[in-house]
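The structure appears right after this line, and notes come after that.
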Amino acid sequence: MVTTIHATLLLELFLVAYALNIGVRLLLNRLNIAHLRSVGDRVPESFRDILDRSSLARMSEYTIATSRLGSIENLAEDLLIIVILLSGFLPWLNDRITALSLPFVFSGILFFFACSVLMAAATIPFDLYRNFVIEKRFSFNTLTLRLWFNDLFKSLIITAIVMGIFLAVFFSLILYAQNTWWLWAWLFFICFQLLITWLYPVVIAPLFNRFEPIEDRELKDRITALASRSGIHVKGLYQMDAGKRSTHSNAYFTGIGKAKRIVLFDTLIEDHSTDEIAAVLAHELGHWKMGHIRKQLVLSMGLSLVILYLAYAFVTHPLLYDTFGFQGTTIYAGLFLLTIIARPFAFFLSPLPSMLSRHFERQADDYACLLTADPLALATALKHLARKNLSNLHPHPAYAWFYYSHPPLVERIRRLEDIAGAPIAVEDTR
């Protein structure tokens with residue numbers, strides 16, 4: 001009787017937290033769209049040299065369209081999760097797998113694969129609509145249906161391999177390490193994360209895109225000089241054929257150790273000057289120089305240790321299984337339940353990493369200003385990227401505070417323009 005009451009309370013707590021999660025998401029999205037409709041026709045002072053009202057209106061339309069689709073997709077995912085949890089599907093699936101009499105490790109992999117495939121399948125219609133309706137309407141999409149299916153097939157294969165290896169080791173540690181599996185799993189997680197970070201630029205990414213050395217000699221020399229002055233050695237400077245999927249522009253710094261690479265979208269090279277591209281890359285170099293990636297990795301390690309210990313502490317508790325209709329304890333099913341239960345609670349903590357990320361972005365902007373001695377080059381690059389990518393120039397403050405990993409563009413550019421009024425000491429970067 002007491003167990004039944006506790007199970008009911010746990011279920012009610014989860015449902016309340018999930019409802020609050022959905023309500024806050026919808027409220028933030030509604031505030032963001034309402035704010036955009038209210039002030040979205042005002043061209044910010046910093047953008048008056050490159051934007052008019054018609055261009056700004058198109059940027060607002062794109063934000064509203066993508067926001068609405070995102071809200072519908074999230075609601076569909078929420079509904080699917082609730083149905084999976086409350087319909088008895090998980091106990092049914094567990095009974096079917098148990099009846100196969102497979103070893104524990106294989107049973108756990110099969111359980112997670114079945115749930116993951118079900119949830120991934122639900123995202124396919126939204127991805128198709130996003131690419132072939134919204135992105136096409138705003139002249140971003142260059143994907144063919146054949147390429148989309150090829151990407152999907154490759155992603156499924158890679159995910160199955162990576163997930164299969166990870167789960168096989170993880171469940172083996174649970175089986176053989178018993179009371180200390182959480183610690184061994186944590187050590188394995190760290191090594192696995194570093195391995196994937198190293199493999200991604202040299203093995204995984206080339207399966208989807210073609211990476212070629214940057215042909216523009218002036219641009220290559222400029223980037224090499226910036227990296228050298230930063231004291232960062234990179235294995236290669238590459239341009240990626242991003243234009244075969246989208247006209248969006250970007251650049252990124254990837255890899256660890258000898259696999260470090262600077263990658264520029266071909267669309268970025270086509271649409272921006274050498275000074276602008278150099279400024280964008282200086283910002284990315286700033287993240288490495290100031291240890292942001294290392295700091296985030298350390299934080300991730302600490303958080304994963306806490307999460308794994310909590311999983312160890314609660315995964316064998318009968319209340320977890322009684323609440324969702326299981327007969328007895330099944331560790332792999334309990335781990336899946338914990339990942340679902342944690343979702344609404346983790347959502348309310350998401351502003352914390354967003355705030356830290358925005359702090360890092362400001363620091364990287366400052367470093368780019370020091371390295372290039374030209375804050376306006378980065379400001380100009382960001383303005384052109386905003387116009388090209390139809391970015392939202394008028395996010396609601398609460399929405400930006402909750403979600404944004406970068407400072408809002410208008411705020412960020414205004415800050416760079418203010419910095420341009422002060423002398424920049426390049427030698428300070430050495």
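At a glance:
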| quantity | calculated |
| --- | --- |
| Unit charges at the beta carbon, dipole of the chain: most positive-side option, P213, P103, F170 | P103 |
| Neighbour-count order for C115, C191, fewest beta carbons within 10 angstrom listed first | C191, C115 |
| Highest-MSF residue in the chain out of L75, L110, L349 [GNM, Cα springs under 10 Å] | L349 |
| Under 16 Å from the Cα of K136 - aspartates and glutamates, other chains or at least 8 residues apart | E61, D127 |
| Nearest 10 degrees, 0 to 90: helix 375-389 Cα axis against the chain principal axis | 60 |
| Footprinting exposure proxy for H359, H396 (fewest neighbouring C-beta atoms within 10 Å first) | H359, H396 |
| Mean separation of Cα contacts under 8 Å, 6 or more apart, over the residue count of the chain: relative contact order % | 22 |
| Cα-based shape type of the chain, given that a ≥ b ≥ c are square roots of the gyration tensor eigenvalues and the cut on a/c is 1.5 | prolate |
| DSSP beta bridges in the chain [antiparallel fraction, %, rounded to 5] | 60 |
| Under 12 Å, Cβ to Cβ, from L382 - net charge with Lys/Arg +1 and Asp/Glu -1 | +1 |
| Given K260/K383; K289/K383; K260/K289, the pairs whose alpha carbons are separated by over 20 Å | K260/K383; K289/K383 |
| Segments 403-412, 37-46 sorted - mean Cβ within 10 Å per residue, highest first | 403-412, 37-46 |
| Which of E417, E215 has the fewest Cβ neighbours within 10 Å, and the rest in rising order | E215, E417 |
| Mean residue ellipticity (222 nm) of the chain, computed from DSSP H runs ≥ 4 via -39,500 (n - 2.57), nearest 500 | -23000 deg cm²/dmol |
| Shape category assigned to segment 141-243 from the gyration tensor of Cα positions, a/c cut at 1.5 | oblate |
| Charge sum, other residues only, whose C-beta stays under 12 Å from S249's C-beta, Lys/Arg counted +1 and Asp/Glu -1 | -2 |
| Max mean-square fluctuation residue, GNM over the chain, Cα-Cα springs under 10 Å, options L207, L382, L416 | L207 |
| Packing-based ranking, highest mean first, of 93-104, 17-28 given that Cβ atoms within 10 Å are counted | 17-28, 93-104 |
| Shape call, segment 1-153: gyration tensor on alpha carbons, a/c limit 1.5 | oblate |
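Values in this text are rule-based calculations from the coordinates and carry no lab data. Since the model is a prediction, treat every value here as computed from it, not as a measurement. Because the Cβ atoms are built from the backbone with ideal geometry, glycine has one as well, and the counts that use them run over all protein chains shown.
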